[in-house]
Amino acid sequence: MILKDDMTEQPGLFDSPPPHVLVRSGDPLASWLAAHTVKAGELEQRVWNVLRKFPTGATSDEVRDLFPPHTPYSSVTARYKSLVDKGLVVIVRDHYDNEVMRPGHSGKLQRVMMAVLP
């Protein structure tokens, strides 16, 4: 279960973007309709709160492991870019400025991300 955290109650920090920024002009009607129903801000907040549980960072698989099993893959993974753009998540880098990566469940390497305080 993912609990809300008082630090994330800042106005505007996790507001959902307008639907038109969640889709591309050539996307099918179903995507446009879904953009009007998805609670992107709430999902961003949940992903950020999970990432905060990993002080040295987490892979996407590690984040998804803490969501209920029925949570769609894209509901979690689609939030990373906007969180990085907002400065709430960083990609962990080593002292040579290379991205730190760890194997995911499939054995393929995944980037390690870390939540930062606003």
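For this structure, a couple of remarks:
- Under the condition of being out of contact with any helix residue (DSSP H, G or I) (no Cβ under 8 Å at 6 or more places or on another chain), closer than 26 Å to LYS108 by Cβ and free of Cβ contacts under 8 Å to residues at least 40 places away in the same chain, the residues counted in the stretch 23-54 number 1.
- Here LEU3 fits the description: modelled with pLDDT under 85, surrounded by fewer than 11 Cβ atoms within 10 Å (Cβ to Cβ), assigned to a loop (DSSP other than H, G, I, E, B) and within 16 Å of the chain's Cα centre (by Cα).
- Those helices (runs of 4 or more DSSP H) of the stretch 8-118 in which at least 1 residues are modelled with pLDDT of 90 or more, among the basic types (Lys, Arg) and surrounded by 10 or more Cβ atoms within 10 Å (Cβ to Cβ), considering only elements entirely within it, cover 40-51, 60-65, 80-85.
The values are calculated or read from the model by the stated rules, or taken from the named source; none is laboratory data. Predicted model, so just to flag it, every value in this text is computed and none were measured. Backbone-built Cβ (ideal geometry, glycine too); neighbour counts: all protein chains shown.
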